[in-house]
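Below is one structure, written out as structure tokens; the observations come after it.
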Amino acid sequence: MFGTLISTDKQGNVKINDKYFHLCPELVAVLNDKNLGGPVIRYIINVYDRKSVYRHFPIDIRKEEVCMAIWDKKENPRLSHELVQKAISLYEYVQYDPLIEQYNAMVAKNKKIIEVFNTIQVTEANISQVNKWSAEMQKSTEGLEKLRERIQAEEEEREIMGGGSDSLSYIEERLIRRQKEMNG
């Protein structure tokens, strides 16, 4: 959505494109709040945008990395503000894709598996079991890679057909649908 719904000016200030002002009041509220503003919008973009440069990190690490980049600390109490939570909810809603959700869940689980695997001491007695676990982890990694390739192929197909996640009509459709769900 960055570059379509939200953009930056020459000075690097965040702005919401005029066409979407009325469709995303949650983001407008954050942007216009003097205690939240552009830095919080940059946080939302970098943590939750599907095409963020941080997208390959698990969500918990992504949040910390982006906080460090913006505020030079691992967390910021402003992020728990009700306006911020509503804006994050909107941003996630507009971009929701079940394949990407599945991929993100698998990445998070693989991170935990690796943490556990790294604590295992290899001995003569358990070397066979460790090798089996290694093979299973390799299969899991291959499954992740196939899922990632499928996601990329679907995104390329959407872009070719003119309905990519960055197209104005796609985002507008999602925003209008969300407004209708909230109002009725």
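Listed by chain and number, the lysines placed with their C-alpha closer than 23 angstrom to that of K19 are K10, K34, K51, K86, K180; residues fewer than eight positions away on the same chain are left out. Taking all protein chains as shown and a probe of 1.4 angstrom, R78 keeps an accessible surface of around 110 Å². For the pair the range 62-96 and the range 106-147, the centres of their Cα atoms are 31 angstrom apart. Run a plain Debye calculation on the range 1-91 (Cα atoms as equal point scatterers, no solvent) and give log10 I(q)/I(0) at q = 0.22 Å⁻¹, rounded to two decimals, same order as the q list. Evaluating at q = 0.22 Å⁻¹ gives log10 I(q)/I(0) of -1.16. Neighbours of S52 by Cβ distance under 11 Å: Lys/Arg scored +1, Asp/Glu scored -1, total +3. Across V116, V47, the residue with the most accessible area heads the list, and the full order at a 1.4 Å probe is V116, V47.
Any idea what the dipole of the range 11-53 comes to, in debye rounded to 20, about its Cα centre with Lys/Arg Cβ at +1 and Asp/Glu Cβ at -1? That gives a dipole near 140 debye. Dipole orientation for the range 1-152: of the candidates I6, C67, N35, I6 has the Cα lying most toward the positive pole (charges on Cβ; Lys, Arg +1; Asp, Glu -1).
Using the Kirkwood radius over C-alpha pairs as Rh, can you work out the diffusion coefficient of the range 79-138 via Stokes-Einstein at 4 °C, viscosity 1.567 mPa s, in µm² per second? Taking Rh from Cα pairs, D becomes 88 µm²/s.
The values are calculated or read from the model by the stated rules, or taken from the named source; none is laboratory data. Just so it is clear, the model here is predicted, and its values are computed rather than measured. Quick reminder, even Gly has a Cβ in these numbers, built from the backbone with ideal geometry, and neighbours come from all protein chains shown. Just so you know, the surface numbers come from the protein's heavy atoms only, side chains and all, with ligands and any DNA or RNA stripped out. Shrake-Rupley method; radii C 1.70, N 1.55, O 1.52, S 1.80 Å.
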